Structures are given as C-alpha cells and as structure tokens.
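Novice: Okay, here's the structure, questions in a sec.
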Amino acid sequence: MTPDLGQGDGSSLEDAVVLGRHIGNSVIRNGGLIVQGDMAKAIDDYVKERRWRAACLDHRVVYIRVEAARRSKMVDEVLEGWSIL
Ligand SMILES: Cc1cc2nc3c(=O)[nH]c(=O)nc-3n(C[C@H](O)[C@H](O)[C@H](O)COP(=O)(O)OP(=O)(O)OC[C@H]3O[C@@H](n4cnc5c(N)ncnc54)[C@H](O)[C@@H]3O)c2cc1C
C-alpha cells in the first residue's frame with residue numbers, strides 16, 4: 001500500500017471537523033442564530049485554516065505518483081534487461 005491511499009477520505013474528515021468548528025463558533029457567537037455576514041467569515045476562516053494542509057497534501061500526492069511512475073519504469077527496464085518482458 002502506498003502512503004497516498006486514504007488521504008482524500010482522511011482529508012475530507014479533517015475538513016468536516018474544521019468547518020463544523022468554524023460554523024459552530026459562529027452560531028454560538030450569534031446566540032444560536034445563523035448570521036449571513038458572520039457565516040461568510042466562518043467559511044473564509046475555514047478556507048484559510050485548511051489551505052496549506054490541502055496544498056501540502058496535493059504536492060505530496062503528485063510527488064508520490066511521479067516517483068512511483070519513475071520506479072515502475074526502472075523495474076520495467078531491469079526486467080527488459082533480463083529478457084523477462
Ligand atoms: C475516481 C476517484 C477515486 C478516488 N479514490 C480514493 C481513494 O482510493 N482513497 C481516498 O482516500 N480518496 C479517494 N478519492 C478522493 C475522495 O473520494 C475525495 O477526496 C473525498 O470523497 C472528498 O470528500 P468530500 O466530502 O470533501 O467531497 P465529495 O465526496 O465530493 O462530497 C461533496 C458532496 O457535495 C455534494 N454537492 C456539491 N455541490 C452541492 C450543492 N451545491 N448543494 C448540495 N450538495 C452539493 C456533491 O453531490 C457530493 O455528494 C477518489 C476520488 C475519485 C474521483
């Protein structure tokens with residue numbers, strides 16, 4: 001199993017927790033009410049908090065895929081050298 005597996009699902013659970021916290025805090029701040037302007041701020045704050053984590057995850061997945069493709073090509077070349085393929 002490569003380390004990128006499950007990251008999308010895991011990240012979406014983290015998203016849900018962080019978004020829920022920002023929305024919940026907005027509702028608490030406003031005495032149990034959903035206030036449009038404050039909700040927009042809650043969503044902006046959620047995006048700011050998650051942006052770097054999501055960007056790092058994205059870069060890591062691209063790196064792993066490129067590295068996996070490179071290693072797979074190396075294995076193909078070795079097997080070709082052994083006349084297995
Ligand atoms: C082909 C494929 C394979 C994948 N394989 C893996 C894997 O093996 N492992 C892994 O961890 N991750 C995998 N992922 C990634 C993973 O599926 C996603 O990262 C994860 O599902 C994101 O969850 P989410 O809740 O953020 O968004 P989503 O699962 O996209 O959920 C968003 C929901 O919101 C709904 N929606 C959108 N707009 C509106 C609207 N305006 N009003 C109401 N509802 C709306 C959509 O219909 C959808 O149901 C894969 C993704 C794809 C496409």
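Novice: Quick check on the stretch 40-48. Is at least one of its residues exposed (fewer than 11 other Cβ atoms within 10 Å of the Cβ) and at pLDDT 95 or above?
Specialist: First, pick out the residues of the stretch 40-48 that are exposed (fewer than 11 other Cβ atoms within 10 Å of the Cβ): 48.
Cutting the leftovers down to at pLDDT 95 or above gives us 48.
Within the stretch 40-48, one or more residues are exposed (fewer than 11 other Cβ atoms within 10 Å of the Cβ) and at pLDDT 95 or above.
Novice: Name the pairs whose Cβ atoms lie under 9 Å apart, with the first residue in the stretch 45-64 and touching a residue at least 40 places away in the same chain (Cβ under 8 Å), the second assigned to a helix (DSSP H, G or I) and among the charged types (D, E, K, R), and 6 or more positions between them or separate chains?
Specialist: These pairs meet every condition: R53/E14; A54/D15.
Novice: For the stretch 17-43: of the residues being in a helix (DSSP H, G or I) and polar (S, T, N, Q), which is nearest to the ligand (Cβ to nearest atom)?
Specialist: Taking the stretch 17-43 as the starting set, the residues that turn out to be in a helix (DSSP H, G or I) are 17-29, 36-43.
Okay, now just the ones that are also polar (S, T, N, Q), so 25-26, 36.
Numbers: N25: 21, S26: 19, Q36: 17 Å.
Per the criteria, the residue is Q36.
So that you can scan it fast, the table gives a plain yes or no per residue for (1) within 11 Å of the ligand (Cβ to nearest atom); (2) over 18 Å from the mean Cα position of the chain (by Cα); (3) of a type outside the set (D, E):
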{"residue": "L5", "(1), (2), (3)": "yes, no, yes"}
{"residue": "D15", "(1), (2), (3)": "yes, no, no"}
{"residue": "D45", "(1), (2), (3)": "no, no, no"}
{"residue": "C56", "(1), (2), (3)": "no, no, yes"}
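The values are calculated or read from the model by the stated rules, or taken from the named source; none is laboratory data. Quick caveat: nothing in here was measured; it's all calculated off a predicted structure. When we count neighbours, we look across all protein chains shown, and the Cβ atoms used for this are built from the backbone with ideal geometry, even at glycine.
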